[in-house]
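Remarks on the structure that follows.
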Amino acid sequence: MSAADRPRTRFSQWRERVAQAKVLVAGDVMLDRYWFGEVERISPEAPVPVVKIARSEERPGGAANVARNVRALGAQTTLLSVTGDDEPATILARLLAEEKVTASLLRDATLATTVKLRVIGRQQQLLRVDFEATPSHEVLAAKLADYEQQLRDTDTVILSDYGKGGLAHVASMIALARGAGRRVLVDPKGDEWGRYRGASLITPNRSEFREVAGRWRSEAELERKAEALRRELDLEALLATLGALLAAGAPPADAVAIANEAAGVVVGKLGAATVLPGELA
């Protein structure tokens with residue numbers, strides 16, 4: 001049966017099984033801050049707009065946003081990461097608790113929690129300011145031990161790499177999970193994908209894939225490049241999908257179809273947003 005002839009896959013078919021699935025998300029977390037305001041004049045000090053801030057919002061970002069999306073779909077979700085011992089970390093923990101994500105955040109007093117501040121005026125982003133630092137070797141080693149314990153009570157692992165240093169031991173994490181019989185999805189960063197070898201699936205976007213595999217002139221060439229990379233890295237598949245559905249036992253083809261529908265919903269929202277089951281068929 002061709003893809004065109006297959007009956008449409010709906011999230012509602014998997015809703016109950018997703019609710020039973022246990023997903024462990026590990027990776028780089030951050031706090032996304034948004035300052036919203038009005039632009040009424042240009043600064044006399046430099047040719048830049050002056051924004052009068054009217055309100056602000058804070059949302060979990062990075063791997064924390066991955067975890068809240070998995071939880072929003074109904075899966076039982078645990079998040080493992082490293083933060084600073086500071087105000088942004090406290091806010092992250094509170095926001096995740098409000099969304100019923102079980103968060104195991106190892107706090108490092110020498111580390112500043114990653115914060116991305118966006119200034120929004122006239123319905124567009126005017127500026128982004130990043131605050132970040134790399135976790136220490138000691139706290140990462142402690143996180144690895146915690147990760148091994150968490151594997152005992154999970155169905156699927158999602159490793160969300162934002163290049164902030166939280167997945168320095170990603171090869172060991174993949175090996176531990178695969179050794180425990182768990183499926184591992186990796187959301188990659190950068191062009192050194194060899195360190196993700198042995199994962200079940202890698203879920204890049206098209207630009208991330210192009211950075212590693214090079215350009216292609218046709219869908220057939222894209223498929224050949226993807227298959228070559230899949231064999232080289234010993235993967236089950238290379239795709240963009242929703243980890244909650246795979247944890248529930250959905251075939252990759254079904255997960256991709258529903259992920260495409262979810263993407264159509266989330267692009268209409270601002271910043272780090274979630275998709276709720278009620279927004280999917």
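The values are calculated or read from the model by the stated rules, or taken from the named source; none is laboratory data. Remember, it's a predicted structure, so these values are computed and weren't measured experimentally. Using ideal geometry, Cβ is built from the backbone for each residue, glycine included, and neighbour counts are taken over all protein chains shown. In case anyone asks, the SASA skips ligands and DNA or RNA and just uses the protein heavy atoms, side chains included. Shrake-Rupley method; radii C 1.70, N 1.55, O 1.52, S 1.80 Å.
Mind checking whether some residue in segment 96-106 is assigned to a strand (DSSP E or B) and open to solvent by less than 20 Å² (accessible area, probe 1.4 Å)?
no
Given the structure, is residue 111 aliphatic (A, V, I, L, M), in a loop (DSSP other than H, G, I, E, B) and buried (at least 20 other Cβ atoms within 10 Å of the Cβ)?
Against the criterion (aliphatic (A, V, I, L, M), in a loop (DSSP other than H, G, I, E, B) and buried (at least 20 other Cβ atoms within 10 Å of the Cβ)), residue 111 qualifies.
Give the residues of segment 73-83 that are crowded, with 22+ Cβ neighbours inside 10 Å and either at positive phi or in contact with a strand residue (DSSP E or B) (Cβ under 6 Å, 6 or more places away or on another chain) (or both), sorted by residue number.
If the condition is that a residue be crowded, with 22+ Cβ neighbours inside 10 Å and either at positive phi or in contact with a strand residue (DSSP E or B) (Cβ under 6 Å, 6 or more places away or on another chain) (or both), then 75, 77, 79, 80, 81, 82, 83 are the ones that fit.
Anything in segment 25-54 that is part of a loop (DSSP other than H, G, I, E, B) and within 30 Å of residue 102 (Cα to Cα)? List them, or say none. Break it down into steps so the answer makes sense when it comes.
Keep residues of segment 25-54 that are part of a loop (DSSP other than H, G, I, E, B), which gives 28, 43-48.
Matches in segment 25-54: 28 only.
At least 1 residues that are touching a strand residue (DSSP E or B) at 6+ places or on another chain (Cβ under 6 Å) and buried (at least 18 other Cβ atoms within 10 Å of the Cβ) in each: list the strands (runs of 3 or more DSSP E) lying fully within segment 119-220 that qualify.
Values: elements: 124-131, 156-160, 183-187.
Result: 156-160, 183-187.
Yes or no: segment 62-72 includes at least one residue that is on the phi > 0 side of the Ramachandran plot and surrounded by 21 or more Cβ atoms within 10 Å (Cβ to Cβ).
Looking through segment 62-72, at least one residue is on the phi > 0 side of the Ramachandran plot and surrounded by 21 or more Cβ atoms within 10 Å (Cβ to Cβ).
Scan segment 27-44 residue by residue and report those that are over 17 Å from residue 127 (Cβ atoms) and over 28 Å from the mean Cα position of the chain (by Cα).
44
Please work out if residue 92 is aliphatic (A, V, I, L, M) and either surrounded by fewer than 21 Cβ atoms within 10 Å (Cβ to Cβ) or assigned to a strand (DSSP E or B) (or both).
Details: aliphatic (A, V, I, L, M): yes; either surrounded by fewer than 21 Cβ atoms within 10 Å (Cβ to Cβ) or assigned to a strand (DSSP E or B) (or both): no.
No: the conditions fail for residue 92.
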